[in-house]
Structure formats: structure tokens, C-alpha cells
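A short worksheet on the structure shown next.
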Amino acid sequence: MKIFKKVALPLSVALFWLVLWQAAAMILNNSLILPTPLETLKRLLELTADNEFRKFTALSILRIFIGILISIPVAWFTAALCSKSKVLSSLLSPAITIMKSTPVVSFILIAIFLVDRQIIPSLITFMMVYPVLFENIQEGINQTPDELLQMANTFGISWVLKVKRIYFPAIKPFFLSALSTSVGLAVKAGVAAEVVAYIPDSIGKKLSDAKSFMEPADLLAWTVVIIIISLLIEKAVRAMTKSSGRRSKHASDK
Amino acid sequence: MLRINDLSKSFNNKDVIKNLSLSLPDSGFIAICGPSGCGKSTLLHLIAGIEKPSEGEICFSGEKCSISMSFQDSRLLAERTALQNVNFVLGDKKATLSRAEKLLFEVGITDVGLYPDELSGGMKARVSIARALAKDADIYLFDEPFANLDMETAEMTAAAIKKHTEGVLVIAVIHDKEFAVRIADRVIYFDETPITGEYII
């Protein structure tokens, strides 16, 4: 039963969609509109064998990672400041609302006029991830148990220790769940930025070229690459979330 | 010396403490008894500075008065072991772990690596007591420290409290009046709600 759930079921689901794709391609019978799964796989293998593929993929991932990595400390810092200052919180609130509600393509088009093209994917990734992290960290701060803070104040515990042992454990589940949901968003937004801003040496540029040169097999192959990257990053973050959720007994601390 | 002058505290317009005056010495074990919900814990919270008085004042002799407290609901850090919880008030340093461990042994906790969700109510209370004793203070407050303990363990824990609080003031809310009379130097019994009156000890 376990083997069925772990292996057979996902394989059957994948097979169902592949058959559906194959059927649609056969009905359309035009690889310029919809190539078959086999044609796409063939093109994907050709692409991965190319040195440029590794370079473009690595650079795209790097740009997205930079956006995520910058948004993490900025979200922690601003959320902490806003929890202490209502004025700052009120000042930042419209910016967060705008970042959340504005279509990503508007930001990309505005960014094209304002900043260097190379930093657009990182900037857009930041703008997608930051508000999600900020709001969740703030929620974590609000949910920090008052009783524990009262206890720490009674014992005259330093603020560093309060942050480390009371605030951080309270915020951690909110932060990790936000990070887990926003990385998928980050990959999509980052690649969209590369497509619209036509960033050299990027997956986005390759996608854009595939569309312009009417190469749907390339388009689908690169899309598969993006899906795999997104899934791998999400899996990595989920694994991180799970492992940090576990309590560890350090030998020295018993 | 701890002086409480005309202290009043109300929650949602309901008086819990009304015009209470109390003078306590610099040292000794003072037990506070009274029916459930009469405001004994609120009094400890007011002395600890967790709650602010609605009226009146609490004065301590000396410029600086440090307070340590064991809470009725233990208030342990869920992600830290019993040992780490006690060590928390010692600055969370490796060097102080042996002191924290010794205190836990004295209150009968030998499996110091257990997390709060692995401890019984009585064990949590004793970890909270050990944590309170870990801090050097002028006043120790214990809120129902023996509530979940059998008589033998309560006696052992009371002995540990007395050993570590010699020469300072201990105020403990104790539900069991007979036990309070046996272990405390003085017992204050509040028999009405809100707590009121004038007491000089």
C-alpha cells in the first residue's frame, strides 16, 4: 500500500497527463503549435548537453537567489522595527499593499526605465518575496506569548537572549511557512522579469527567443527546466523547514 | 523590607485587591493562603511588576531590589530542555550548566534533558522552581509551587527553596493551609474577595 502511494500513484498521475499531452499533440498534428512529449524531451536533452544551458540556468538561479537572500534580512529588520514603532508601521503599510496588489509585469516595465537591466530579476524577486515574509514575521512577533516575555522581564533577561529564545522560536514557523510558499512565486516572478526585460544569459531570454523564432519544443523544454528548478528550490526549503522544526538535543547542553 | 500601601487592583471594573496594606520583613518565608480566585496570584504579579496597581504603591527597601519568581503555569520555553530552561536565567552559558543541573537535582528532576511537553505538571512546576532559585534575588515569589506535588516531593522541594533563600524574603502562595503552617515562618490568610486589610509582619 505504501509503495503504491509513494511510487505507483505519482507515476500513474504523471502518465495520465503525458498521455493527455500526447493525444492533444496527435490531434493538432503540428509540432509548431504543440510538440509531442517525446519531441520536448529530445530537445530538453539536447539543451542540457549544451554548456550554455548550465551557464544560463546557474545565472538565472543566482539572480533569483540574490532577490530571496536580500529580502530575508530586510523583512526581519523592518518587521522588528515596525513592531516597535507604529509610525514606521503606518509608513510602510502602503508600500507593502502596493507590492502585494500591483501586477508583477507593471513592476518589471517600471524597473526597465529605472534600474540597470541586470538587477531587474533580483529586484522583482525581492518585491514578490519581501511582503510575504514581512507580514508573516510581523504575525509571528504579534503571536509571541506575553507570558514568556513577562517571565523573561521578571528575570531581567537581556534583549539578545529574549530575541534568541522567545521571539525567534515564535516567529520561526511563520517565517519558514512564508519562505516555503514564496520561493515558488520568486522563481516565476524572476523568470518573468528575465523574459520581459530580455536579460542576456538567462532562461527568460531563451524562453523569449523560443517564442520569437517559433520553436515551441524549446519553449516547452525551458518551461520544464523552470518547473524542475522551482520544485527543487521548494523541496530544499521544505526540507530546511522540516529539519529546523525538529528539536535537537546538543550533547554539551544535554 | 517590602511595604504595600493602600494597594488596589481591578480587572474590568471588578476589584480583586482593595486597599490592601502589607509590611513584610527583609527575610523569612511568608505563605499566603486563601480560597481559589481571591487574588493571591494577582498580588504576586503586582509585587513582581508584571501587573500595574490601579491605586496605591509597592515600596522596596534599598535602591535596587531584584525579584525572582516561579509561576503557577510554569512558563517554560517549549523548545528548550529542563536544563536549558533553568540555564536560561543564568545567561544561557555552557559554564553555568552544572549549576542549573545541581538545582534540578535538588528539586528531584534527574532527567534534565526532557522537554516541557515530556514533563508532568509536577515536574514542570519543579523546573520552574529550580529556575527561580537559579537567580540571586532579594525577593523570591512562588505561585502555588506545591500544587501538583505529592507530600514527599513537596517537602523535598520546600527544603530546596529554604536552602537557597536563606536571609532573603520568600513569598509563596500555597493552597494547602496545613502544609503552609508547617513550612512557613508566617502565614497570611486572606478569607475574602477582594483581598483587603492591613497586615504588619
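The values are calculated or read from the model by the stated rules, or taken from the named source; none is laboratory data. What you see is a predicted model, and the numbers here were worked out from it, not measured in a lab. When we count neighbours, we look across all protein chains shown, and the Cβ atoms used for this are built from the backbone with ideal geometry, even at glycine. Ligands, DNA and RNA are stripped out before the accessible areas are found, and what is left, the full protein with its side chains, is counted by its heavy atoms. Shrake-Rupley method; radii C 1.70, N 1.55, O 1.52, S 1.80 Å.
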Subject >> Residue ID - least open to solvent (accessible area, probe 1.4 Å), chosen from residues in the stretch B:55-77 that are more than 7 Å from chain A (Cβ to nearest Cβ) and part of a strand (DSSP E or B) >> reply: B:S70
Original post:
In this structure, does A:S90 turn out to be surrounded by 13 or more Cβ atoms within 10 Å (Cβ to Cβ) and small (G, A, S)?
Top reply: no
Original post:
Is there any pair linking a residue in the stretch B:95-115 that is in contact (Cβ under 8 Å) with a residue 40 or more places away in the chain to one that is buried (at least 19 other Cβ atoms within 10 Å of the Cβ) and of a type in the set (S, T, N, Q), with Cβ under 8 Å and at least six apart or on different chains, and which?
Top reply: B:V107/B:T157; B:G108/B:T157
Subject >> Hits in the stretch B:97-124 (condition: in a helix (DSSP H, G or I) and surrounded by fewer than 16 Cβ atoms within 10 Å (Cβ to Cβ)) >> reply: B:S98, B:R99, B:K102, B:F105, B:D117, B:E118, B:G121
**OP:** Could you tell me whether the stretch B:15-35 includes any residue that is more than 9 Å from every other protein chain (Cβ to nearest Cβ), in contact with a Cys (Cβ under 9 Å, 6 or more places away or on another chain) and buried (at least 16 other Cβ atoms within 10 Å of the Cβ)?
**Re:** yes
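Restricting attention to helices (runs of 4 or more DSSP H) lying wholly within the stretch A:109-174, give those where 3 or more residues are away from chain B (no Cβ under 14 Å) and crowded, with 22+ Cβ neighbours inside 10 Å.
So the answer is A:120-142.
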**OP:** Report, by residue number, each residue of the stretch B:78-96 that is facing chain A (nearest Cβ under 10 Å) and part of a helix (DSSP H, G or I).
**Re:** B:A82, B:L83, B:Q84, B:N85, B:N87, B:F88, B:K94
**OP:** Inspect the stretch A:25-48 for any residue being within 21 Å of A:L185 (Cα to Cα) and either open to solvent by less than 90 Å² (accessible area, probe 1.4 Å) or part of a helix (DSSP H, G or I) (or both) and give the result as yes or no.
**Re:** no
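Let me confirm something: among B:V107, B:V127, B:V112, which residue is of a type in the set (A, V, I, L, M) and touching an Asp or Glu at 6+ places or on another chain (Cβ under 7 Å)? Don't jump to the end; show me each part of the working.
Values: B:V107 fails: touching an Asp or Glu at 6+ places or on another chain (Cβ under 7 Å); B:V127 fails: touching an Asp or Glu at 6+ places or on another chain (Cβ under 7 Å).
Being of a type in the set (A, V, I, L, M) and touching an Asp or Glu at 6+ places or on another chain (Cβ under 7 Å) holds for just one of B:V107, B:V127, B:V112, which is B:V112.
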Original post:
For A:D218, are the conditions met, namely being outside any helix (DSSP H, G or I), of a type in the set (D, E) and away from chain B (no Cβ under 14 Å)?
Top reply: no
